[in-house]
Every structure is written in C-alpha cells, then in structure tokens.
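Below: the structure, in structure tokens.
The values are calculated or read from the model by the stated rules, or taken from the named source; none is laboratory data. Just so it is clear, the structure is predicted and the values come from calculations on it, not from any experiment. Reconstructed Cβ throughout: ideal geometry from the backbone, glycine too, with neighbour counts over all protein chains shown. We work out accessible area using only protein heavy atoms, side chains counted, and drop any ligands, DNA or RNA first. Shrake-Rupley method; radii C 1.70, N 1.55, O 1.52, S 1.80 Å.
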Amino acid sequence: MPSPVPASHASPSETSPLSVSNPKETASRTKTRRQKLLALQAEIDRIEREQPASFVSSAAFRGRAFSPLAPLPGESGGRAGRAQTACRLRRTSPPWLSGNAEADRRLGTFGLDGEGTHEIKPAPPSLPMASAAAFAAAVAFALQLAGRRPLPGSAQERAGGTILFCASHDVMREAGRLYGPGLGELGLAPERLLIVETVKSAETLWAMEEGLKSQALDAVIGCLEEIALLPARRLSLAAKAHATPCLFVTGARTPPAGATASRWRIGLRPGGACLFDRNVPGPGLCEVRLEKLRWCGTGLVAEGCVPAPAGSGP
Amino acid sequence: MKRFVHLWLPYWPIERMRRVRPRLIADDQPLVLVTSGGRGIEITATNARAAGEGLWAGQALADARAMLPGLRSLPAEPEADATALAALAQWCGRYGPQRNVYGKSGIWIDVTGVAHLFGGEAGLLDDIVRRTEGFGVTVRAGIADTFAAAHALARFGAFGKKQRFCIVKAESAQTALAHFPVDALRLDPQAVLLLKRLGLRRIGQLYDLPRASLQRRFNDANFGRDKGGKGGKEGRGRRKVRGAELAVNVLTRLDQLLGKVTEPLVPLAEPPVLNVRQSWTDPLISAEGIAAEVRTLAVRLSEQLEAQGLGCRNVRLSLYRADGTAAEVRAGTSMACRDADHLMRLLSEKFASIDAGFGIDAAEIDAVAVEPMGGRQQRLGVEQGGSTGETRVLTELVDRLVNRLGSARVQMLEPCESYIPERAERRLPARDRIAGRRAQGCPGSERSGTVRWPRSPRPPRPLLLLAPPEPIRVEEDGWGGSPVSFVWRRVDHHVSRFEGPERIAPEWWREIGRPPARQARGRDYYRVEAVGGARFWIFRELPENSESEKEDAACPGAPAAGRWFLHGLYGGVS
C-alpha cells in the first residue's frame, strides 16, 4: 500500500536547484532530450506553483498569518524566495489533517489543500442499511473536516470562524436537519454554522459560490446529489481565488465530481462497546477511504477509520 | 407651505381601454361604457365626443340611445381601471414621493419643494401633461396650496387648447377660487342642490356668510322637505342628524379649500427618509447603462447617508419606464450600511431581471429605513483582520443570500432551554441572529444569548434530527422492553447494541388546559447501533396515562405499550 513519496510533496527547495542546473548540462545533447527536459521543468514549475504559492495567496488574502518577516508574494525573488515564504508560512499554520492516521500520512507535510474543493461520498451500503445513515456519516465527516481546519491567528479568532452549510430542502427532509446539541460531539460549536436551505441544486451552487467569494468563512459545505464538471470547476476556481476550502457531500452512487483536490468515501463500521457495559454502544467508528488525491492520481490512496474525537466517548 | 398637484383624467376608462386594445372604436364616434345599475343599464364613462353630445355618466343607456340612436357601448371594466390608475400613480412618484389615486379618475401628488427641478411650476405641470398626453390620456392638472383647491382647479378650472393646466398662487387662492361653482367643494349632491336653491352658486358667496347661520340653515327641517312627511318622528330625527352632518361638511370643505384646516391624506407608499434621483433626456435601454447609472445613484445615496451619520437598513430602487410604468426593487441589509458597492451588489441581483421595455428615463433610490451609524467604514484593498471586519463581511454575505433566497432560509442555530429534543434548539433567521449578536456587543462569542449549548450531553445527541419523527415498527424484547429490531423506510435493522431508556417527560407547564388526547406524552429514548454500524436515536411514546400503564404492565398480552418513532441519526463517530 505505501507508495514512494510523490514529487509534489518533496520540499520545493530540493527540487529547484535540479531544474535550474539541468538545462545547462544538457545543452549539447539531442533536441528530443532537451524538449523532454524542458517539459519536465515546466511540470516542476507547475507543481511548485500549485502548492507553496497557494499558501502565499491564502495568507495575502486573509492578512492574518502574515508575519512581518515573510516577504509579500510580489516581492519574493524567484523560486527560492517562494519556497522560503512557504516554509515560513507552514510554520505559522499547521497542516490541515483529517484525523485518520493513514490518510494523513498520504497528505504529506502540507495537509489538505485549504484552497481546493474536496468531495465526500458516503459508501454505497453493502448491508441492507438505510442510505441515510451513511449520508449522516459523510456529513459528520465533512463537518469534522471543516472544524479541523487550522487557521493561523490567535486562539480566539480560531474559535469564531463561520462555516456555511448549504443543503436543499429535500435533503433536509429526507436525512434530517442539523441538530445543535449533537454538533458538539464533533468538536464543532453550533454557533459557527450558517445554514442555507435551498430549493434547487442551482441555488445550492450559487450560495456556495457566494460563500466562497465572501472570504468571511472558514469553509463551505454543500450537500448535492451530483455535481457536474462545469460547476465543480467553477467552485474550485472560486475556492482558489478566495482562499476558502469547499467541501461537497454527494450521493453514494453518482459519478465522482471533477476538478476536486481530493475525494473521500465514508462508510460505517460496527463500533466498540462501552467500557462498563458490553451492550451499550461505545465510541463509534467510521471507515474513511481517501480515493483520490491530486498529484497521487485516482484509485485507492489510503484507508482507515476515524475514531470518535477525544473526550466524547464514555 | 405645501403645494399639491391634482390630475383629473376625465375620459380615463375609455382611454385606458384604447391603450390595451388599440383597435377600439375610433375617437370621433361617441362611445360609452355601461354597467347594469339599479335602473337598468347605466352609463359609467363616456369619451370626449359622447360628452360633447350631452351624455353623462349615470345616465340610463336607453335615454342616451334616445338622444343618439347610433351610440356604441361596451361593458365597463372598473377593476382594470383602478389597477391601471394605481400603476399610473406609482409612476407619478417621479414628481414626488407622496402621491396616491383619488376616486376613480384622479391622482394627487405632493410636489412641495419639487417644482424648481423642472424649472418652476409651469415647467413641472407642462412636463406632467406632456408625458401623460403622450400616453394617450387626456389630463387636466391643477396646482395649489391645498389638496382641495388643486382638486377644484383640475375639475372646474378653465382649460382650453393652450391652457392645459391651472396654477393658483398662495396669496391669490381666495379670489381665484371665488368664482368656482359650489360643486367644486366635493359635497354631497343633496347639499349642492340645497346650496343652489338658496342661491349660493359660487364659492365666493359662501365666504362672507356667517358660519352660524349657514350651520343653522342646514339643520333646519326644511332640508329635503318635499320628501318628508312619511317617516314620522323618527324619520325627521334622522333627517335632522343628516342635515347637521351636511352642515359640518360644507364648513369643513370650505376650510379645507382655503387651507384653514389640514386634510389628512394617505400616500401610496411611506415617504422615504432619503432619496436620490436622476432622469435622462434619452431613455436608457442597455443593462450596462442602467447598472452604471444606478451605481452613480448608490454612490450619491451613500454620500448623503454619511453626511447625516446614518446607515440604511432598507432601500428601494424605482425605475421609471418611458411608457408610463414603473418597476420597483427592494433590498434589505442586516446591519446599517452605507457602502455603495454592497448596496449595488444587492440591487443588481434583482434589477438584472427587470425588463427595460421602451427604455428607462428616470431612476431613484430611496432609503426607506435608516439607523444612526457612527464612524466611517474602511475601504481597503485587503480586508482588515479581526472581528469587526469579519462580521461586516459575514453580514454582507448574509444580505446577499437573504436577498435572493428569503430571510427564513438563511438560518443560524440558537440553543433553547428545554428538555424536549426538538425544542432544545431554534433556527433563527441569520439576519436577526447577527443583529442580536451585534446588540450584545460580543460578536462570535457564546454569550450572545442567555442560554448556552449543552456541553457534551450524556447520552450523546444525534447529528441529524428528523422533523417530524418517523414512525417505525419495532420488535421488542418482551412486552414494553428494549428494541431488538426495527423497520425504518422498509429496511430491516437489527439492533446489536443499545443504550437506554432515557425518559424525557413532557413539560407539564405547557400542557395546562389541553384536552388529554392532545397532551404531549413522555418518551423513552434509546440510542441504538444496528448491525453494520449505523446508529439511530429512537423513542417509544408512552401511553396516555402513566397509571394505566402500570396496571397493564401487570398483565402481559395487553395492547402494545406505545408507538415507536425514529428521531435522529448519529454521524458514525458519536
């Protein structure tokens, strides 16, 4: 299962000397090899631009994590400067992790992309089990993920961020509405949620995009049956431009959305028993499969379980 | 001192009909609109030609036919007339915010302080008359200090080919109105008749009469003498009261005409606190052009708001089309705001769908509701961190969502002090909640309400709550025991583990005075884990009377202990 560490997760400072020095050495060789190298270099540039630069833009937008020492993105001189900025910023904001050890190892040093779209799908129920239960698990995971996102800044500020939750009226009637007293179990304060009830999926998408554009939110979560490539791409561009992560909770059997940074599939597992009584359900378990991660391709990337957050089990 | 314009549209019903149906009978033929009245078919409206032939509204159609054998008639449409008149009054908002319809064919506009924008009162009236006649509607306009005087001018003023409106200055009102007939006083027809019998034909004749004698004359029993004698004592008493009313009426109307008494008038819409307007010589048609002009207006409004230290909570954009209709767009904000960009974003989402028709030649933005707002908003390229900046950005987001989706659909959760699970939280419109937070002065903190969220309740509560709870079929472990398996939405779930029961009793203080059949019952909640890992929150509703339950418990085989419901779903990890 463990695969070699992908190129994207290598620190930029390691890759940059390679890409600068190589063209000089291969100047006299054949044209095809030179082209190949140039393509490789462009690829490295692209990868570098995607991850570290995203941290830079995030900081610039929010204006929070910006320590006076770190140079502004416009000032940073070339690749080395950018890598330096990324390193500094990484130190100020810890990576965004899912809480699943195996998946977190895959996510590497930077964690989940805080400016991308992530899809969360419930596992298709194998046992004769209500699909609503798997959906509830997916919603819980999405909320947990949104709540786990570390934000640079003071602790007070970290507690107050708002999360936009958009779901259509039908979904709320079918699977139930979010219940405040139950949200505390996920380690999420109920007052952080801004809930938008829509009628059509087009409205949900519009509300999500508005939420991303506002830059006032910690994360945007939308429940949709399916999301087409075009709106998914649109939302991912908005997430990138406004430095806000966007999570979709989609149907179990619909095709996966395009243009996402990662895709997760959440299933249910029988949980353990309570310490004091074998018949009482103890801390719950849900099965987490990281099916896709940008730069690692699709296919099963990691699998594991997320136990209940500390302090909630009996 | 106020100035009122009164517009009288003498041939409104037929001219409106012609606007709707251009191929109506030509104007050079006499045409009347009719409806069935108490005395057979009656005329309700005439066109100019028919009026010239001596026909009048209220005449029987048979009499009119006798005078004019070839008279054409059509059924009247009073509701459509009234609707169109209200729309025209709406359009008249371009001349003044306070305006309304009067009767079936009149419109009044309060134009105090407006006339100079049109180059004086003559210019104002010329503009009104020119535009209204452009719509194909004959109009008589009058302007005076009082509503009554403007009304009298419009209805009884001397109009001609060149004289299309009447202006009466404040100082000359009394003399100018003296030669008007007493009909212009808006009196009851009986009172007019009596005045004429007394030889009082002109308003000027009433000026010098002693008020007391005028009142006495109308009180007199000789009022309506020719019809008297039948009703006896009672009838005479009623007549006397009626006469007294009429006398008061005559004096009041006279005072209103001369401005000695103010007349209460109800405008079509509440006047705005602040208002900016702009009109153009050529109508705007392109959406970009309109948006650019509206932005200019929004900037002007925000400047005015800032100058007065105010912020608006509710704005109204009115776009006046060249064809005499108006479109309105409203937008509300959750906190006082004078940011032109924000207002523009809220408005543009709505007015993008407005049909410009033949073009828009005037626009205005009204601040309908304002609040005092201190300080100046910061407009920086990069948003300032910290709670105030965040709150403002968040409220702007909420405003945008609310303006498209409606206030009830953008919600925030608030705890409530109750043990009943569905009452333990409330969904407040986010706009109110944010306003509340602001009032508390501590944004984002938990102290926004007096009630706090329960800290990890034991046993844990579900993540998703079904409203209302869904009935399920449960197999119990013995009578009244714990659940073994249940069917929910046609899927069989076998319970592998459960926790419970947790009894939640109804809140008795809410049940006082309710019939027993409608009283809430106690519930036994179970937190169950089905085979496969799904976790649910189910409950059994206890029977009506807990005492009878005890008795039943003694004898197994009695009817089931209660109905089961599924109330919530746990999110896997709790």
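Brief remarks on what is shown
- Per residue solvent-accessible surface (Å²) - chain B, probe of 1.4 Å: 50 Å²
- B:LYS2 versus B:SER286: modelled label distance in nm, points set 7 Å from Cα along the beta carbon direction: 4.4 nm
- Electrostatic bookkeeping for A:ASP277 treats Lys and Arg as +1 and Asp and Glu as -1; over the other residues with beta carbon under 15 Å from its beta carbon, the sum is +1.
- If R0 equals 56 Å, the separation of the Cβ atoms of B:ARG330 and B:GLU507 corresponds to a calculated FRET efficiency of about 0.90.
- B:ARG23 versus B:ARG521: modelled label distance in nm, points set 7 Å from Cα along the beta carbon direction: 7.0 nm
- The dipole here belongs to chain B: it is taken about the Cα centre, uses +1 on the Cβ of Lys and Arg and -1 on the Cβ of Asp and Glu, and is about 2160 debye.
- Positive-pole candidate from A:ALA238, A:GLY182, A:ALA252, dipole of the range A:132-259, charges at beta carbon: A:ALA238
- Helical runs assigned H by DSSP (4 residues or longer) give chain B a calculated mean residue ellipticity at 222 nm of -10500 deg cm²/dmol, each run adding -39500 (n - 2.57) before division by the residue total.
- Net charge in the neighbourhood of A:ALA207 (other residues with Cβ under 10 Å of its Cβ; Lys, Arg +1, Asp, Glu -1) is -1.
- Under 5 Å from the amide H of B:GLN59 lie the amide H atoms of B:ILE43, each residue being 5 or more positions distant or on a separate chain, with H modelled from the backbone and absent for Pro and chain starts.
- About the centre of its Cα atoms, the range B:1-126 shows a dipole size close to 200 debye [charges on the beta carbon of Lys, Arg (+1) and Asp, Glu (-1) only; nearest 20 debye].
- Annotation: peptides B:361-372, B:75-86, ranked by per-residue average of other Cβ atoms within 10 Å with the highest first, follow the order B:361-372, B:75-86.
- Area buried, chain B against chain A - accessible surface, total, 1.4 angstrom probe, square angstrom: 5600 Å²
- Entries in A:LYS121/A:LYS213; B:LYS196/B:LYS260; B:LYS2/B:LYS350; B:LYS104/B:LYS162 that, when Cα-Cα distance is taken, lie over 31 Å: B:LYS2/B:LYS350
- Extension gain for B:SER36-B:ARG455 works out to 143.5 nm (0.36 nm per residue, less the C-alpha to C-alpha distance).
- Inter-chain neighbour count for B:409-418: the average number of beta-carbon atoms from partner chains within 10 Å of each residue's beta-carbon is 5.
- Spin-label pair A:LEU40/A:ARG173, simplified geometry with 7 Å Cα→Cβ offset, distance in nm: 6.0 nm
- For peptide A:183-195, the mean count of partner chain Cβ atoms within 10 Å of a residue's Cβ comes to 6.
- By the combined test of axial Cα extent (at least 30 Å) and Kyte-Doolittle hydropathy (mean at least 0.0), the qualifying DSSP H helices of chain B come to B:287-308.
- What the Cβ-Cβ distance of B:ARG65 and B:GLU371 gives, at R0 = 56 Å and to the nearest 0.05, is a FRET efficiency of 0.30.
- Förster-model FRET efficiency, 30 Å R0, B:LYS260 and B:ASP126, C-beta, rounded to 0.05: 0.45
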